[in-house]
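The values are calculated or read from the model by the stated rules, or taken from the named source; none is laboratory data. All of these numbers come straight from a predicted model, not from anything done at the bench. Note that each Cβ is placed from the backbone with ideal geometry, even for glycine, and that neighbours are counted across all protein chains shown. What goes into the accessible areas is simple: the full protein's heavy atoms, side chains included, and nothing from ligands, DNA or RNA. Shrake-Rupley method; radii C 1.70, N 1.55, O 1.52, S 1.80 Å.
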Amino acid sequence: MSSAPRIATLALAALLALPGVASAQSRYSTQPSMRLGGLIGFDSGDLDGLALRLDGEMDLQRISPNVMLVGVGSVGWSHLSDDLGYGYDVTNDVFTIMPAARLAVALAPQVGVYGDLGLGLYHASLEVDVPDPFTGLRRTVDDSATGLAMRIGAGAYFNIAPKVRLVGEIALHPYFGDYDDDTFTFMVGATFGL
């Protein structure tokens with residue numbers, strides 16, 4: 001078993017072991033079953049840059065009084081860049097569409113943690129700005145790739161109002177195919193109940 005699925009399995013098992021499930025009253029009882037939200041943060045790998053993501057969440061099944069299985073649909077964009085030196089600049093825009101399973105654990109009425117495991121598609125659009133040493137002019141070389149991507153993430157949330165939730169998340173994103181990179185995202189945001 002490769003390291004990414006092993007890490008995801010261990011993370012989900014740890015989340016299941018966290019809460020005391022003896023509570024007779026669900027800590028989710030006042031929470032909306034559908035939420036929309038957005039996150040912003042930093043994407044770091046071979047190239048670094050800004051990451052944005054829109055999430056739609058829907059509660060699927062209560063596993064225990066404090067544990068909920070949630071379906072998440074995400075659309076993301078990362079704008080990555082680097083200065084390679086000698087006048088060479090590279091940028092990469094990575095778009096993702098990713099459904100994920102989320103295991104959310106309520107630790108208290110307002111606070112919880114979650115783990116994500118997602119599999120979806122990416123499209124990466126790479127541009128390299130190349131200087132011509134003889135003319136001084138610059139030209140752009142571009143390439144693109146499409147393939148499979150994963151998200152293996154862990155986060156925490158805090159309910160600041162009945163329908164408003166602040167979230168923070170760290171995630172590993174393995175990409176497969178021509179864009180062969182594993183990046184980490186560090187994101188914060190908010191979701192809003194419907």
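Quick notes on this structure:
Matching residues to (1) under 17 Å from the mean Cα position of the chain (by Cα); (2) surrounded by fewer than 17 Cβ atoms within 10 Å (Cβ to Cβ):
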| site | (1), (2) |
| --- | --- |
| 56 | yes, yes |
| 64 | no, yes |
| 70 | yes, no |
| 75 | yes, yes |
| 82 | no, yes |
| 89 | no, yes |
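- Of residues in region 122-144 being part of a strand (DSSP E or B) and exposed (fewer than 13 other Cβ atoms within 10 Å of the Cβ), the one modelled with the highest pLDDT: 143
- Selection status of residue 27, surrounded by 15 or more Cβ atoms within 10 Å (Cβ to Cβ), modelled with pLDDT of 95 or more and on the phi < 0 side of the Ramachandran plot: no
- Verdict on residue 144 being among the small types (Gly, Ala, Ser), closer than 17 Å to residue 81 by Cβ and either out of contact with any His (no Cβ under 9 Å at 6 or more places or on another chain) or touching a residue at least 60 places away in the same chain (Cβ under 8 Å) (or both): no
- Output for region 73-90, where each listed residue is more than 17 Å from residue 181 (Cα to Cα), at pLDDT below 95 and assigned to a strand (DSSP E or B): 83, 84, 85, 88, 89
- Restricting attention to region 91-109 and to residues that are at pLDDT below 95 and open to solvent by 30 Å² or more (accessible area, probe 1.4 Å), the residue that is farthest from residue 65 (Cα to Cα) turns out to be 91.
- Within region 147-190, the set of residues being in contact (Cβ under 8 Å) with a residue 60 or more places away in the chain, more than 11 Å from the chain's Cα centre (by Cα), within 17 Å of residue 94 (Cα to Cα) and open to solvent by 50 Å² or more (accessible area, probe 1.4 Å) comprises just one member, 182.
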